[in-house]
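Asks: Here you go, one structure.
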Amino acid sequence: MSILQVLDLGLAILVLAVAGWTIAARELFASVVGYVAYGLLLSIVWIRLYAPDVALTEAAIGSGVTGVLLVTSGARLKRAGNVEAAEPSGPSQRFLAAALAVLVAAALATVILLLPEPPPTLAPEAGQQLAATGLANPVTAVLIAYRSFDTMLEKIVLVLAVVGVWSLAPDRVWGGAPAPLGRARPEGPLLFLDQALVPLGILVGIHIFWVGADEPGGAFQGGAILAAMWMIVMISRLTEPPRVGARWLRLALVAGPAVFLAVGLAGPGMGGSFFAYPAGFAKPIILFIEAFMVLSIAATLPMLVAGPPRRSPER
Amino acid sequence: MNVSSLAGLVGAALVGLGLYGLIVNPQPLRKILAFNLIGSGAFLVFGIVARRGAAAAFPFDPVPQAMVITGIVVAFAASALAVALILRLQEETGKVTLDPDVPSKPPVTGASNP
């Protein structure tokens, strides 16, 4: 067994142990902290699978933004009262659930060990057309060129999720702002974090978007980092969540899918078919779409975390 | 055993762990967390499909990887919607459980007396 294999095995055990902790922990907060650590460990697993783009997404969204969502909503539930009120499951139910879980995991493991040989792959096709897109990162090419329609629809799903969250607001606060994310008074360490991290984070987010054409990175990862920076500033109460009726916010939310769709509809004129990019000019168009996607993601994720409007719109 | 099947087995175990947590844990937020564990296990299984598809100078198949990236983002959006629903349920009924047998908070006195 080489060193690398030992490390891989250790990483696998660590991931499973932390995942077990998030299930077994008594306190919600402990469980969420476990989940954030789990997401970061999982992104190391993604690196080992030669998937740096996925690793970045998992670290930023799967672990980071989901962690903020769960911590914030846990605090909101606690403020409202009995968060631990529900009855725990009895031993027989636990046993049955464990049996079912083992069965499902064993079936899945069997399938994984019996995957077909030689494995099916689209990598050669993805590589052949890569020069035509002007990109060097095949994952970005799949996202914004080969399967661009999927990615556009996925952006619309994000907008629909925001509409869904907002529509849970009572009528009287419609158009108002969501509840603040942080405590009443800004704290020193948090303000220091703002000053030290946020300017740097904005640069890193834009950089990761920009290099995503050729290196690991892209619109999702860069947008998620920008979203995180906005959330840090909101948590320290230097700024409040905006009114959901604000025009600039709504424009930012739909800019990504709208520009994407407009370029797709212009496809028949530019490249011959729906979502076709003109030959030799694909890369500037892809970066143009991605820039608006970054904006939309950076606006969507914090609004999903902030939740439905809670304050009446007149101030 | 190579890295990709080890990662696949971890993915399978994560699906199992998440399923157990989803059934056993009564708190809705913990259920969402467990559901996210199932999701990341499934993504990991998809990730080894991508790794096994290495060909043509790429150490991975980019198509499944791109789908996992969109999947992570959609999973977050779904979690956010679920959390908002739970907070609204709590606001409406005063309880933080999905169990229909648990009585809800008694109505404010004075409102029910004619």
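The values are calculated or read from the model by the stated rules, or taken from the named source; none is laboratory data. Note that the coordinates shown come from a computational prediction; the quantities given were computed from them, not determined experimentally. A quick note on method: Cβ atoms are made from the backbone with ideal geometry, for glycine too, and the neighbour counts reach across all protein chains shown.
Asks: When you scan the range A:100-123, how many residues do you find that are farther than 30 Å from B:Ile23 by Cα and surrounded by fewer than 14 Cβ atoms within 10 Å (Cβ to Cβ)?
Replies: Adding up the residues that qualify gives 4.
Asks: Just name the residue that is surrounded by the fewest Cβ atoms within 10 Å (Cβ to Cβ) out of those in the range A:136-152 that are without any contact (Cβ under 8 Å) to a residue 40 or more places away in the chain and assigned to a helix (DSSP H, G or I).
Replies: This residue is A:Asp150.
Asks: Among the listed residues A:Ala266, A:Ala279, A:Ala258, identify the single one that is assigned to a loop (DSSP other than H, G, I, E, B), away from chain B (no Cβ under 14 Å) and surrounded by fewer than 18 Cβ atoms within 10 Å (Cβ to Cβ).
Replies: Sole residue among the options that is assigned to a loop (DSSP other than H, G, I, E, B), away from chain B (no Cβ under 14 Å) and surrounded by fewer than 18 Cβ atoms within 10 Å (Cβ to Cβ): A:Ala279.
Asks: Same structure, new question: Yes or no: A:Val159 surrounded by 15 or more Cβ atoms within 10 Å (Cβ to Cβ), free of Cβ contacts under 8 Å to residues at least 40 places away in the same chain, under 30 Å from A:Val211 (Cβ atoms) and among the β-branched types (Val, Ile, Thr)?
Replies: No: the conditions fail for A:Val159.
Asks: Before we move on, is A:Leu77 within 10 Å of chain B (Cβ to nearest Cβ), more than 27 Å from B:Ala66 (Cα to Cα), of a type in the set (A, V, I, L, M, F, W, C) and surrounded by 15 or more Cβ atoms within 10 Å (Cβ to Cβ)?
Replies: Details: within 10 Å of chain B (Cβ to nearest Cβ): yes; more than 27 Å from B:Ala66 (Cα to Cα): yes; of a type in the set (A, V, I, L, M, F, W, C): yes; surrounded by 15 or more Cβ atoms within 10 Å (Cβ to Cβ): yes.
Yes: the conditions hold for A:Leu77.
Asks: Shifting gears a bit: Take A:Leu160 and tell me if it is more than 7 Å from chain B (Cβ to nearest Cβ) and either farther than 30 Å from B:Glu92 by Cα or more than 29 Å from the chain's Cα centre (by Cα) (or both).
Replies: Judged against the criteria, A:Leu160 is not a match.
Asks: Can you pull out the residues in the range A:14-29 that are facing chain B (nearest Cβ under 9 Å) and surrounded by fewer than 16 Cβ atoms within 10 Å (Cβ to Cβ)?
Replies: Within the range A:14-29, just A:Ala24 meets the criteria.
Asks: Looking at A:Ser43, A:Ser92, A:Ser2, A:Ser63, can you tell me which residue is modelled with pLDDT of 90 or more and not β-branched (Val, Ile, Thr)?
Replies: When all the criteria are applied, what remains is A:Ser43.
Asks: Looking at the structure I just gave you, is A:Leu251 without any contact (Cβ under 8 Å) to a residue 40 or more places away in the chain, closer than 13 Å to A:Thr300 by Cα and not in a loop (DSSP other than H, G, I, E, B)?
Replies: Yes; evaluated as a whole, the condition is true for this residue.
Asks: When you check A:Leu143 against the structure, is it in the same structural domain as A:Phe281 (by TED's automatic domain parsing), under 27 Å from A:Met231 (Cβ atoms) and of a type outside the set (Gly, Ala, Ser), yes or no?
Replies: yes
Asks: Right, another one. Conditions: (1) within 7 Å of chain A (Cβ to nearest Cβ); (2) touching a Lys or Arg at 6+ places or on another chain (Cβ under 8 Å). B:Leu22 meets all but one. Number of the miss?
Replies: With (1) within 7 Å of chain A (Cβ to nearest Cβ); (2) touching a Lys or Arg at 6+ places or on another chain (Cβ under 8 Å) applied to B:Leu22, the lone miss is (1).
Asks: Name the one entry in B:Ser40, B:Ser5 that is buried (at least 24 other Cβ atoms within 10 Å of the Cβ), at the interface with another protein chain (Cβ under 7 Å from one of its Cβ atoms) and not hydrophobic (A, V, I, L, M, F, W, C).
Replies: Every option except B:Ser40 fails the conditions.
Asks: Quick check, is A:Leu108 modelled with pLDDT of 90 or more and either assigned by TED's automatic domain parsing to the domain that holds A:Leu181 or under 20 Å from B:Val96 (Cα atoms) (or both)?
Replies: Criteria not met by A:Leu108.
Asks: Another question, then. Consider the range A:141-157. How many of its residues are more than 8 Å from every other protein chain (Cβ to nearest Cβ) and closer than 18 Å to A:Phe288 by Cβ?
Replies: Residues that pass the stated criteria total 6.
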